[in-house]
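One structure is given below, encoded as structure tokens.
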Amino acid sequence: MGMLAPGSVGKVGPAIESVGSSVLPRGLGRSYGDSCLNENGYLLSTKWLDKFYGFDPGTGLLKCESGVSLDEILKLFVPRGWFLSVTPGTKFVTVGGAIANDVHGKSHHSTGSFGNSLKQFELLRSDGERFICSRDLNPGLFRATVGGLGLTGVILWAEFALRRIDGPYIEMEAVKFNDIEEFFQLSEESVHGYEHTVSWVDCLSGPGARGIFMRGNNSARQEPDESRRAHGPSRKTMPFDAPPFLLSGPSIRLFNFLHFNLQRKKVHRSCIHYDPFFYPLDGILHWNRLYGKRGFLQWQCAIPKTGKKRALTLILQEVVRGEAGPFLTTLKEFGDKPAEGLLSFPIPGITLALDFPNTGEKLFSFLDRLDRIVADFGGRIYPAKDARMAPGMFSASFSEIENFSGYVDPRLSSSFYRRVGGK
Amino acid sequence: MARPAKILVFGATSAIAFGTAKLFARDGASLYLCARDEEDLKALSADLTVRGAKEVGYSVFNALDKGSIIRAVDDCLKKFPELDGLLIAYGTLPDQGLCETDIEEMRRAVEINFTSPAIILTYIAGHFEKKKQGVIAVISSVAGDRGRQSNYVYGAAKGALTTFLSGLRQRLGKSGVNVITVKPGFVDTPMTAGFKKGLLFVGPDVIAKGIYRAVKTGKSIAYVPWFWRIIMMIIRNIPEKIFIKIKL
Ligand SMILES: Cc1cc2nc3c(=O)[nH]c(=O)nc-3n(C[C@H](O)[C@H](O)[C@H](O)COP(=O)(O)OP(=O)(O)OC[C@H]3O[C@@H](n4cnc5c(N)ncnc54)[C@H](O)[C@@H]3O)c2cc1C
Ligand SMILES: NC(=O)c1ccc[n+]([C@@H]2O[C@H](COP(=O)([O-])OP(=O)(O)OC[C@H]3O[C@@H](n4cnc5c(N)ncnc54)[C@H](OP(=O)(O)O)[C@@H]3O)[C@@H](O)[C@H]2O)c1
């Protein structure tokens, strides 16, 4: 994979022209699978497309180049009383990457996904044409590019809404639940009244699937010291790969047991900084070493509302039966706001993410079984985190794929797209 | 040392210059940007304004066009008669192989990296001398510390620039103006896009912080990161007899 890194917006077109094989735009490479890779072709890094164009405090609209990271935005705007409308679980992603995967976060039920906060962007096609895209201007390209996996052109800049905050803290509540019935109850009662919700599930404890439901709101608590309003640099480093015994079934069970039982009370209230609340893993450099030398695999699905309980129960049963214990399991209910993109991942219903230590073939066939459950219920797998789903699974779950392929730029491609049947 | 409040930047699109301008913008300084491309200049002006710069102006210029340099300086001084800071950051890393056979390529490399900054400095020195305060920072390179077969044309131009700055520092020091020679090592910027990034590479923001600190502390020669001072001391002290036999 060659790497192109144009120094400014005007140099992107010539950079694509200068090479013969296919090109894929690249942000910070925080996607887990091969959707940000382009074997035998080029990656076009947006690292020098890092300029802010303007901010309107009246509307909260921020306009910036696509290589600007969420980390930079927070550093600059949190001290001024603004936050992202939508943020994924890491701040080390670019605006371009946030659009191309139409990322979602803990606020999905109240804000929708990143595309919902987006007003417009400019797209450069490999033939040199540039299109401003919004819901009114070139709406077809707009819908294809949001969640479009970088295949429709290079996003040069984008304009999207920030939201006002009172301060950098989150008033948060952690509530224990003992089975998925209780989870759905908590989720329902939290839709209104809590901006952010997410749950951690201990799915190895038995068929019940107990866990901790976290919900929070921006706190009115102020931070008088301006330098401490935005987050600081990552401090802790995972210095070595975790040894295999830490990743075995019993250790994972013990870890989850402790996590559940260390919280003594049913409800625990606290007021914490946004950094550990939204970005717990960003605080540890090289956190992926936790998963040992072979790394790990993430599997994330979304399942429509109808049948969500049944599907979740079946998946969790499968997980308890399987030997590949997931280290970390997160569960969240998506809201009803329709996503903007033809291939946007979020749908009204639930999303479940499982992190597995990578055990190779055995894990793959196990995940194929989970895929089948997801397919039976009309759900889908998140391309941003996928390295293995079968082509049939992809085309069956994203019904707009035909329509989408008409917008794909002939010079752009990715390992992911070719793997699931595209060009 | 007082921080400059109005700063002229030649080569504003360079990644190192942009990193440095961001730090001064955060302090609320005013900036006047010069670069080759107007679209880039607009983007940069908007960015630095968002980051807190008080006022931003710009001019298009090309290092190979003396007229455009004079015009840019004049326009800047019209807008900011109180100018008290100057950063010269542009440069090119020529293809050494080509420079060994192509006289024009060699001449261009010297003109961009040495002659044109010397023109800017010659034209603007009087302003600082009269003002009797301010700071001038110019990006040279560790490559100017000793000629090496792998890049001696670039190195010679930067070496000449370092020598020029040393003399200018003596002259302007008498008027209370500090001249800073910035000597970066390997920096990950568009200039080094084709290089394999080894352990010695740092990001442009590291150099930017080094320049910012040098300005504030009144330093005059800044190796960034600092360890390049030691590396270059060793390289400078290798006896010529041995030096001609090794590859560097
Ligand atoms: C710890 C962690 C937690 C995460 N949590 C979440 C989460 O809660 N929710 C969620 O949705 N995701 C989550 N993710 C995934 C991550 O948000 C997405 O993969 C995101 O798209 C990565 O952005 P990036 O800048 O790294 O882009 P990359 O990974 O480099 O690229 C992602 C896609 O964007 C395209 N792209 C990038 N820039 C442009 C551009 N300028 N123009 C056109 N296309 C472009 C690429 O071609 C590629 O298809 C998480 C990832 C990590 C590592
Ligand atoms: N990167 C390193 O490893 C390294 C090491 C030591 C010293 N340096 C020095 O650091 C300085 C900044 O470079 P950088 O690393 O930040 O690289 P960069 O981002 O590639 O910047 C180079 C700059 O030079 C400008 N330029 C080139 N030719 C020009 C011309 N004829 N007229 C006007 N401007 C011209 C470019 O303008 P455009 O944007 O219009 O192309 C660009 O702004 C240079 O002086 C370089 O020699 C760099």
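The values are calculated or read from the model by the stated rules, or taken from the named source; none is laboratory data. Being a predicted model, the structure only gives us computed values, none of them experimental. Cβ sites come from the backbone with ideal geometry, for glycine too, and all protein chains shown count toward neighbours. Note: accessible area is taken over every heavy atom of the protein model, side chains too, but ligands, DNA and RNA are not part of it. Shrake-Rupley method; radii C 1.70, N 1.55, O 1.52, S 1.80 Å.
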Worksheet item: Is one or more of the residues making up the stretch B:83-106 within 16 Å of the chain's Cα centre (by Cα) and either more than 13 Å from ligand 2 (Cβ to nearest atom) or free of Cβ contacts under 8 Å to residues at least 12 places away in the same chain (or both)?
Response: yes
Worksheet item: Taking the stretch A:1-21 on its own, how many of its residues are out of contact with any helix residue (DSSP H, G or I) (no Cβ under 7 Å at 6 or more places or on another chain) and open to solvent by 30 Å² or more (accessible area, probe 1.4 Å)?
Response: 8
Worksheet item: B:Leu168 fails exactly one of the following numbered conditions: (1) surrounded by fewer than 17 Cβ atoms within 10 Å (Cβ to Cβ); (2) away from ligand 2 (no atom under 14 Å from the Cβ). What is the number of that condition?
Response: (1)
Worksheet entry | the stretch A:307-320 residues that are not assigned by TED's automatic domain parsing to the domain that holds A:Leu370, paired with ones that are surrounded by fewer than 15 Cβ atoms within 10 Å (Cβ to Cβ) (beta carbon under 7 Å, 6 or more apart) | none
Discussion item. A:Thr351 - would you say it is at pLDDT below 95 and hydroxyl-bearing (Ser, Thr, Tyr)?
Written reply: no
Item to complete: Within the stretch A:136-151, work out how many residues are open to solvent by 10 Å² or more (accessible area, probe 1.4 Å) and at positive phi.
Response: 3
Discussion item. Checking the structure you have, find out if any residue of the stretch B:84-94 is more than 27 Å from B:Asn178 (Cβ to Cβ), more than 14 Å from every other protein chain (Cβ to nearest Cβ), modelled with pLDDT of 95 or more and not in a helix (DSSP H, G or I).
Written reply: yes
Worksheet item: With respect to A:Leu151, is the statement that it is assigned to a strand (DSSP E or B) and touching a strand residue (DSSP E or B) at 6+ places or on another chain (Cβ under 6 Å) true?
Response: no
Fill in: Cross-chain or 6+ apart pairs with Cβ under 9 Å, the stretch B:18-37 first and modelled with pLDDT of 95 or more, then within 16 Å of ligand 1 (Cβ to nearest atom) and small (Gly, Ala, Ser)
B:Asp37/A:Ser8; B:Asp37/A:Gly10
Fill in: Test for B:Val138: is it open to solvent by less than 20 Å² (accessible area, probe 1.4 Å), in a helix (DSSP H, G or I) and either more than 14 Å from chain A (Cβ to nearest Cβ) or in contact with a helix residue (DSSP H, G or I) (Cβ under 9 Å, 6 or more places away or on another chain) (or both)
no
Discussion item. So, A:Leu24, is that one at the interface with chain B (Cβ under 10 Å from one of its Cβ atoms) and either open to solvent by less than 40 Å² (accessible area, probe 1.4 Å) or in a helix (DSSP H, G or I) (or both) or not?
Written reply: no
Practice prompt. Return the only residue of A:Ser399, A:Ser365, A:Ser344, A:Ser395 being in a loop (DSSP other than H, G, I, E, B), of a type in the set (S, T, N, Q) and surrounded by fewer than 19 Cβ atoms within 10 Å (Cβ to Cβ).
Written response: A:Ser399
Discussion item. Tell me yes or no: at least one residue of the stretch A:143-155 is farther than 24 Å from A:Ile284 by Cβ, of a type outside the set (Ser, Thr, Tyr) and within 14 Å of chain B (Cβ to nearest Cβ).
Written reply: no
Item to complete: Could you please find all residues in the stretch A:28-50 being within 12 Å of chain B (Cβ to nearest Cβ) and free of Cβ contacts under 8 Å to residues at least 40 places away in the same chain?
Response: A:Asp50
Item to complete: Return the residue satisfying two criteria in turn: it lies in the stretch B:9-50 and is open to solvent by less than 50 Å² (accessible area, probe 1.4 Å), away from ligand 2 (no atom under 14 Å from the Cβ) and away from chain A (no Cβ under 12 Å), and of such residues it is farthest from A:Lys75 (Cα to Cα).
Response: B:Tyr32
Worksheet, complete the sentence: Picked from the stretch A:164-211 (must be at pLDDT 95 or above and of a type in the set (S, T, N, Q)), the residue surrounded by the fewest Cβ atoms within 10 Å (Cβ to Cβ) is A:Gln185
Item to complete: Looking only at the stretch A:1-21, count how many residues are facing chain B (nearest Cβ under 9 Å) and in a loop (DSSP other than H, G, I, E, B).
Response: 4
